[in-house]
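Novice: Next up is a structure, given as structure tokens.
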Amino acid sequence: MSAPTTLSRRQMLSLAAGAGVTATASALPLSSASARAPMLGADVARYHRVKLGAFEITTISDGAAAVPKVHPIFGQNQSADDVKTHMGTNFLPGDKMSIGFTPVVVNTGSQLVLFDTGNGSGRGATRGLLAKTLATAGYKPEQIDIVVLTHFHPDHIGGLIEGGQTVFPNARYVTGQVEYDFWSKQDPNDSDTNMASRAKLVQSNVVPLAEKMTFIGDGADVVTGITSVNAFGHTPGQFAFNIESEGRRVVLWADACNHYVASLQKPEWHVIFDMDKDAAIASRKKILGMVAADKVPATGYHMPFPALGFVEAQGDAFRWVPVSYQFDL
């Protein structure tokens, strides 16, 4: 084999000139392909699918809401300055935030189970995207076999009925007995406007489906591999769920924890949406402690999309660790 030949810069330029190639890119004529592409606007993934043993789990974005404040939504029992400082320490603005909504679809191989139904229409242009995103993810509403309602706040039951029609026509429904009993007895004309609006939505979207509902308690199986876990406090009867297949497990905690910084790192902070603050704190610490101790992934309705991650214990607090390639192995 002959020795390699080293060309000087002058020789390379000479060869380029002989081949009719200019030595500088600036002399190249512009083609139509170099025209600027139009701005398309910010965008995010709308669904994320992983394998869990024999199950498939798909997190579905129902959209997000821009909120012009953090305190007193989070840290209601803290000063506004302390909340702002804490958010800033975590590279987040202290005076505004974005709250996402993430229903979950579990395909067991024999049944398609949907956890919560999103906001539905009429609650803002940036949310209520579940039906559209389900189609993008490859599912049709009529394929849903079971709809599990973790609790009855509007962003979880708003997508049950649209235009007077059931969105998931072939589904049966599963929810907590305590949750149903509480909300179905509330007065839509309550002097508390917030409670009245929620009660009205329950009457229009949930009560008409009662004949198709199975009411459960703690430790009940929705189907084999999906079991309820008491997470009372955020609402009177909210449930979290263990989802397990072939020895692999995910904890779906619904709204037991509502912000990956404000609620995990400060589980004792009051959250304005929690109806029983002390019970909610106890449930939050219990669920987060379980996920951290068992070293299993979790999905939370308001965690940053794709709303899958792990929890690390840090003394009396916790840290959210977003999922990367763990489900790929």
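The values are calculated or read from the model by the stated rules, or taken from the named source; none is laboratory data. Nothing here was measured: the structure is a model prediction, and the numbers come from that model. Here the Cβ positions follow ideal geometry from the backbone for every residue, glycine too, while neighbour counts run over all protein chains shown.
Novice: If a residue has to be of a type in the set (D, E, K, R) and touching a helix residue (DSSP H, G or I) at 6+ places or on another chain (Cβ under 6 Å) to count, how many in the range 210-247 make the cut? Full working, then the answer.
Specialist: Residues of the range 210-247 that are of a type in the set (D, E, K, R), as a first pass: 211-212, 218, 221, 244, 246.
Checking the rest, the ones that are also touching a helix residue (DSSP H, G or I) at 6+ places or on another chain (Cβ under 6 Å) come to none.
Total meeting the criteria: 0.
Novice: Mind listing whichever residues of the range 237-286 are surrounded by fewer than 22 Cβ atoms within 10 Å (Cβ to Cβ), within 14 Å of His151 (Cα to Cα) and out of contact with any Gly (no Cβ under 8 Å at 6 or more places or on another chain)?
Specialist: Phe273
Novice: Applying the selection to the range 112-126, what residues are crowded, with 17+ Cβ neighbours inside 10 Å and touching an Asp or Glu at 6+ places or on another chain (Cβ under 7 Å)?
Specialist: Here is the first cut: in the range 112-126, the residues crowded, with 17+ Cβ neighbours inside 10 Å are 112-120, 123.
Of everything in the range 112-126, those that are crowded, with 17+ Cβ neighbours inside 10 Å and touching an Asp or Glu at 6+ places or on another chain (Cβ under 7 Å) turn out to be Leu112, Val113, Gly118, Asn119, Gly120.
Novice: Let me confirm something: among Ser228, Ser191, which residue is modelled with pLDDT of 95 or more and of a type in the set (S, T, N, Q)? Outline the logic, then answer.
Specialist: Details: Ser191 fails: modelled with pLDDT of 95 or more.
On inspection, the qualifying residue turns out to be Ser228.
Novice: For the structure I just gave you, tell me whether Thr59 is among the hydroxyl-bearing types (Ser, Thr, Tyr), touching a strand residue (DSSP E or B) at 6+ places or on another chain (Cβ under 6 Å), at pLDDT 95 or above and in a loop (DSSP other than H, G, I, E, B). Break it down into steps so the answer makes sense when it comes.
Specialist: Numbers: among the hydroxyl-bearing types (Ser, Thr, Tyr): yes; touching a strand residue (DSSP E or B) at 6+ places or on another chain (Cβ under 6 Å): yes; at pLDDT 95 or above: yes; in a loop (DSSP other than H, G, I, E, B): no.
The answer is no for Thr59.
Novice: Looking only at the range 22-56, filter to residues that are more than 30 Å from Gln111 (Cβ to Cβ) and either touching a strand residue (DSSP E or B) at 6+ places or on another chain (Cβ under 9 Å) or of a type in the set (Ser, Thr, Tyr) (or both); which one of those is modelled with the highest pLDDT?
Specialist: Ser34
Novice: When the range 246-263 is examined, which residues are found to be under 22 Å from Thr117 (Cα atoms) and in contact (Cβ under 8 Å) with a residue 60 or more places away in the chain?
Specialist: Val250, Leu252, Ala254, Asp255, Asn258, His259, Tyr260
Novice: Sort out which residues of the range 210-236 are more than 19 Å from the chain's Cα centre (by Cα) and either buried (at least 23 other Cβ atoms within 10 Å of the Cβ) or under 16 Å from His302 (Cβ atoms) (or both), and write them in order of number.
Specialist: Gly233
Novice: Given the conditions (1) surrounded by 13 or more Cβ atoms within 10 Å (Cβ to Cβ); (2) of a type in the set (Gly, Ala, Ser); (3) over 14 Å from Val251 (Cα atoms), report the number of the one that Ser324 does not fulfil.
Specialist: With (1) surrounded by 13 or more Cβ atoms within 10 Å (Cβ to Cβ); (2) of a type in the set (Gly, Ala, Ser); (3) over 14 Å from Val251 (Cα atoms) applied to Ser324, the lone miss is (1).
Novice: Hey, among Ala45, Ala65, which residue is closer than 30 Å to Phe327 by Cα, exposed (fewer than 13 other Cβ atoms within 10 Å of the Cβ) and under 13 Å from the mean Cα position of the chain (by Cα)?
Specialist: Working: Ala65 fails: exposed (fewer than 13 other Cβ atoms within 10 Å of the Cβ).
When all the criteria are applied, what remains is Ala45.
Novice: Next up: Looking at the range 162-214 only, could you name the residues that are among the charged types (D, E, K, R) and free of Cβ contacts under 8 Å to residues at least 24 places away in the same chain?
Specialist: Matches in the range 162-214: Lys185, Asp187, Asp190, Asp192, Lys200, Glu211.
Novice: Looking at the range 79-99, is at least one residue among the β-branched types (Val, Ile, Thr), under 25 Å from Val323 (Cβ atoms), surrounded by 15 or more Cβ atoms within 10 Å (Cβ to Cβ) and in contact (Cβ under 8 Å) with a residue 12 or more places away in the chain?
Specialist: Looking for residues that are among the β-branched types (Val, Ile, Thr), under 25 Å from Val323 (Cβ atoms), surrounded by 15 or more Cβ atoms within 10 Å (Cβ to Cβ) and in contact (Cβ under 8 Å) with a residue 12 or more places away in the chain, one finds at least one in the range 79-99, hence yes.
Novice: Can you name the residue in the range 248-267 that is touching a helix residue (DSSP H, G or I) at 6+ places or on another chain (Cβ under 6 Å) and part of a loop (DSSP other than H, G, I, E, B) and is also nearest to Ser283 (Cα to Cα) among such residues?
Specialist: Pass one, the range 248-267, residues touching a helix residue (DSSP H, G or I) at 6+ places or on another chain (Cβ under 6 Å): 251, 253, 256-257, 267.
Filter once more, so that each one left must be part of a loop (DSSP other than H, G, I, E, B): 256-257, 267.
On the way: Ala256: 7, Cys257: 9, Pro267: 10 Å.
The selected residue is Ala256.
Novice: Can you name the residue in the range 163-177 that is among the β-branched types (Val, Ile, Thr) and outside any loop (DSSP other than H, G, I, E, B) and, of all such residues, is farthest from Gln203 (Cα to Cα)?
Specialist: The residue in question is Val174.
Novice: Of a type outside the set (Ser, Thr, Tyr), in a loop (DSSP other than H, G, I, E, B), over 22 Å from the mean Cα position of the chain (by Cα) and within 30 Å of Ile73 (Cα to Cα): which single residue out of Asp187, Asp181 fits that description?
Specialist: Just one listed residue meets the conditions, Asp187.
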